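What follows is one structure encoded as structure tokens, with my remarks underneath.
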Amino acid sequence: MLQQLLKFAITGLFNSLIDFGVFNLLIILSGARSSLAIALINTLAVALAVTNSFILNRSWTFPVHNRKKGQIHRFIIASLIGILINSAIVTLFANLPLLAAFAPLLVLNAGKIIAALLSSTWNFLAYRNWVFRTHESAVVFQPGGFIP
């Protein structure tokens, strides 16, 4: 698991570069300030990073050949939940009146850092335990606990 976590972190670094790069570029170029515009820009940036995430996680972080059917569907569901978590946090930061005294781009990037940490935690757990798992690595729940 430690090796998977390290690979996931490296993949996450690439994903973060895509996410933050696209987000900041579009915010700066568009001058977006409304919550809806920021949420849409964030969703686009995260979606591009998630696409990269699927490619790298499937081929490098969790490379197994005997995968269960429906993997892409599980990936989409797990990733959409991650995008919702991420965008909700960024939108929350965009609407915090206490932070109005700070530069908007600074506040938005602080929100994106927190959003990235929380959504990445969700993504790792969902990808490892549901999306990219094999039959052998499935967690079995028993009346007295669970067996990994």
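Note on the range 1-104: with neighbouring protein chains present and a 1.4 Å probe, carbon and sulfur make up 77 percent of its accessible heavy-atom surface.
Among Gly21, Gly82, Gly12, the largest mean-square fluctuation in a Gaussian network model of the chain, built with springs joining Cα atoms closer than 10 Å, belongs to Gly21.
Considering every pair of different Cα atoms, what Kirkwood radius, in Å, is found for the range 67-120? If you can, show how the numbers build up before the last one.
Working: mean 1/r = 0.0814 Å⁻¹.
For the range 67-120, the Kirkwood estimate is 12.3 Å.
One equal scatterer on each Cα of the chain, no solvent, Debye formula: the resulting log10 I(q)/I(0) at q = 0.20 Å⁻¹ is -1.15. For the chain, the solvent-accessible area with a 1.4 angstrom probe is 59 square angstrom per residue.
The values are calculated or read from the model by the stated rules, or taken from the named source; none is laboratory data. In this text the structure is predicted, and so the values were computed from the model without any measurement. For accessibility, only protein heavy atoms count, side chains too; no ligands or nucleic acids. Shrake-Rupley method; radii C 1.70, N 1.55, O 1.52, S 1.80 Å.
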